[in-house]
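Encoded as structure tokens, the structure appears first; notes follow it.
The numbers here are math on the coordinates, done by the rules we state, and not lab data. Note that the structure is a prediction, hence the values are computed from the model and not measured. Glycine gets a Cβ as well: all are built from the backbone with ideal geometry, and neighbour counts include every protein chain shown.
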Amino acid sequence: MPYAKYSSEEVEARGEEIYEQQIRQHVEAGNQGKFVVIDIETGEYEVDQDDLQATKRALRKRSTAILYGLRIGYPTAYTLGGHVAMEPGQVRDHEATTVLKMPRPRRWTQ
């Protein structure tokens, strides 16, 4: 378990819930392809083309933040060995999202 208070599954569930209920309607328009990084304890978030920059800003706000990240308008944050092709105006099916789970020492967490 990479977090003292949360399992990876809890981080994912809380991040998805906060995104759907509080953030999505504010960021989807005009930000497709950018990253949103969410502090799952406060609900504060950062949006940036560069996920690392968004993460750094979130951690400057609260260095102990537990962060969850996703790519706006896409089913996954990253692809390996290919690309995600989306038609203009196409919106991701958020219920079928595959999320990127990363251990604490990586980019999405402090």
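For a footprinting-style exposure proxy, rank 8, 63 by other Cβ within 10 Å, fewest first. Working shown, then result.
Details: 8 16, 63 8.
Taking fewest neighbouring Cβ atoms as first place, the list is 63, 8.
Got a sec? How would 46, 9 order by Cβ neighbour count within 10 Å, fewest to most? Can you show the working numbers first?
On the way: 46 21, 9 10.
Final ranking by Cβ density, sparse to dense: 9, 46.
Which whole-Hz ³J(HN,Hα) couplings does the stretch 28-37 yield from phi under the Karplus relation 6.51 cos²θ - 1.76 cosθ + 1.60, θ = phi - 60°, glycine and proline marked x?
4, 5, x, 10, 4, x, 7, 9, 10, 10
Extension gain residue 5-residue 76, at 0.36 nm per residue separation less the Cα-Cα distance, in nm?
Gain on stretching residue 5 to residue 76: 23.0 nm.
Arrange the following residues from fewest to most other Cβ atoms within 10 Å of their Cβ: 38, 23. Intermediate values should be presented prior to the final figure.
Details: 38 28, 23 19.
The fewest-first ordering by Cβ neighbours comes to 23, 38.
At residue 56 and residue 22, where each label point lies 7 Å from the Cα along Cα→Cβ, what is the point-to-point distance in nanometres?
Distance between the two pseudo-spin positions: 2.5 nm.
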